[in-house]
Amino acid sequence: MFLDARRRRGGASSGPRSLISAVESVTESMSPSATILVVEDEEAISTLICRSLQRLGYRCSAVATAGAADTSIAIEQPDLILLDWMLPGRSGFEFARQLKLSSATRAIPLIMITARADEADKIRGLDAGADDYITKPFSVAELASRVNAVLRRAAQRAPSDLIEIEALHIDAAAHRVEAAGVPLSLSPTEYKLLLYLAAHPERVHSRSTLLDKVWGYDAYVDERTVDVHIRRLRRALTPSGCDRLIQTVRGAGYRLSTRD
Ligand code: CA
């Protein structure tokens with residue numbers, strides 16, 4: 001109500017009104033279903049960030065260490081990571097480098113949160129692969145606009161035609177798959193299934209999701225069809241050892257993962 005009344009009146013750009021309009025413009029243009037992982041050991045800050053992001057419509061989860069972030073990412077890959085620089089144990093800097101070294105997590109956009117105003121640290125962070133940084137203390141409006149900008153840039157980034165996950169190489173433009181250097185001949189459905197899993201690695205996909213994404217909403221196929229094609233796919237990948245990448249998650253579905 002309050003926001004609507006302000007918007008209708010429009011105009012002035014000072015004080016709280018400019019903050020409200022900044023938040024409004026972010027709310028209007030963001031992707032509402034984006035999942036954000038906050039890695040921050042200071043609970044008060046972590047809670048504040050999550051509440052602010054949730055209010056803007058993002059899904060948000062928070063962990064306090066790099067180790068806990070590893071676990072969280074293995075269960076579900078976030079669309080964006082907000083990473084505190086000063087963490088107990090593995091530092092934010094080390095964790096950022098680790099994420100950028102792995103093909104499974106390299107593409108996840110990363111915003112560093114740093115208390116240091118030192119320019120050298122920010123440059124070090126950006127060199128480590130961070131897409132942007134926020135210096136504490138920051139306003140909710142600044143947080144929202146940076147998150148939104150990084151997510152928008154990530155969405156505009158052309159999807160890569162080449163997917164390389166360990167010994168598995170998929171050239172989506174040419175419809176070619178190689179496992180350990182050997183070309184595979186897959187049926188069109190097996191190919192689409194593998195491409196979908198490889199393009200969304202490290203997260204679990206239910207059978208019904210796979211049916212929707214690979215076979216299409218209109219297809220009248222049984223969920224067991226997915227199991228049959230997964231089995232064929234694994235068989236094709238067995239000689240290269242890449243079959244271990246296609247994992248069954250009991251009671252949930254399937255995922256493509258480099259972790260055992
Ligand atoms: Ca900290």
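Computed quantities for the displayed model
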| read-out | value |
| --- | --- |
| Residue in segment 150-173 that is loosely packed, with under 13 Cβ neighbours inside 10 Å and touching a Pro at 6+ places or on another chain (Cβ under 8 Å) present | yes |
| Residues (closer than 19 Å to Asp41 by Cα and among the β-branched types (Val, Ile, Thr)) located in segment 112-131 | Ile113, Thr114 |
| Segment 37-51, residues that are outside any strand (DSSP E or B) and within 13 Å of the ligand (Cβ to nearest atom) | Glu40, Asp41, Glu42, Glu43, Ala44, Ile45, Ser46, Ile49 |
| Residue within segment 192-199 that is buried (at least 19 other Cβ atoms within 10 Å of the Cβ), more than 25 Å from Asp79 (Cβ to Cβ) and touching a strand residue (DSSP E or B) at 6+ places or on another chain (Cβ under 7 Å) present | no |
| Exclusive hit being hydroxyl-bearing (Ser, Thr, Tyr) and either within 24 Å of Arg234 (Cβ to Cβ) or surrounded by 19 or more Cβ atoms within 10 Å (Cβ to Cβ) (or both), set Ser145, Ser139, Ser102 | Ser102 |
| Sole residue being touching a strand residue (DSSP E or B) at 6+ places or on another chain (Cβ under 9 Å) and buried (at least 19 other Cβ atoms within 10 Å of the Cβ), chosen from Val249, Val226 | Val226 |
| Residue that is farthest from Leu197 (Cα to Cα) [pool: residues in segment 80-97 that are of a type in the set (D, E, K, R) and away from the ligand (no atom under 13 Å from the Cβ)] | Glu94 |
| Selection count, segment 91-119, where residues are aliphatic (A, V, I, L, M) and more than 14 Å from Gln77 (Cβ to Cβ) | 7 |
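Listed here are the residues, each with its yes/no results for (1) in contact (Cβ under 8 Å) with a residue 24 or more places away in the chain; (2) within 16 Å of the ligand (Cβ to nearest atom); (3) out of contact with any Phe, Trp or Tyr (no Cβ under 8 Å at 6 or more places or on another chain).
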site: Leu99; (1), (2), (3): yes, no, yes
site: Ile108; (1), (2), (3): yes, no, yes
site: Ile111; (1), (2), (3): yes, yes, no
site: Asp131; (1), (2), (3): no, no, yes
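Read the figures in this text as sums done on the coordinates, not as results from a lab. Here the structure is a predicted model, which is why all the values come from computation and not from measurement. Because the Cβ atoms are built from the backbone with ideal geometry, glycine has one as well, and the counts that use them run over all protein chains shown.
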